[in-house]
1. In the chain, which helices (runs of 4 or more DSSP H) lie fully inside it and hold 1 or more residues that are exposed (fewer than 11 other Cβ atoms within 10 Å of the Cβ) and at pLDDT 85 or above?
2. Go through the range 19-60 and report how many residues are in contact with a strand residue (DSSP E or B) (Cβ under 7 Å, 6 or more places away or on another chain), within 16 Å of Phe78 (Cα to Cα) and not charged (D, E, K, R).
Amino acid sequence: MSSENQNSGKTRRLQAAALRYDQDRHEAPVIVAKGSSAVAEKIIAMAEKHDIPLQRDPELLQILMKLEINQEIPENVFHAVAEVLAMVYKANRNFGEKNL
């Protein structure tokens, strides 16, 4: 999840958050990384390096940035995160079909 947010009206600041969902360990996806500027660049670079799809959703990112690392996402954002996860699962399925 990445976005550029307004900062002081003129400059834009890159932000990113990363989620992990392990249904055996958690009831909901968990924030595993988040940050701005250089940290956001590293999160995005790691995602790209490992072929993890990125999703731009500034409203969802704003909520995720308020959460703590290792915190499950709140119930009121389940639907938005479910849409992101559906996109990731579809991308993974398509990637697997291309590499058969």
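1. Details: elements: 38-49, 58-65, 78-98.
In the chain, 38-49, 58-65 are the helices (runs of 4 or more DSSP H) which contain 1 or more residues that are exposed (fewer than 11 other Cβ atoms within 10 Å of the Cβ) and at pLDDT 85 or above.
2. Here the count works out to 7.
The values are calculated or read from the model by the stated rules, or taken from the named source; none is laboratory data. Quick caveat, the model's predicted, so the values are computed rather than measured. With ideal geometry, Cβ positions are generated from the backbone for all residues, glycine too; neighbour counts draw on all protein chains shown.
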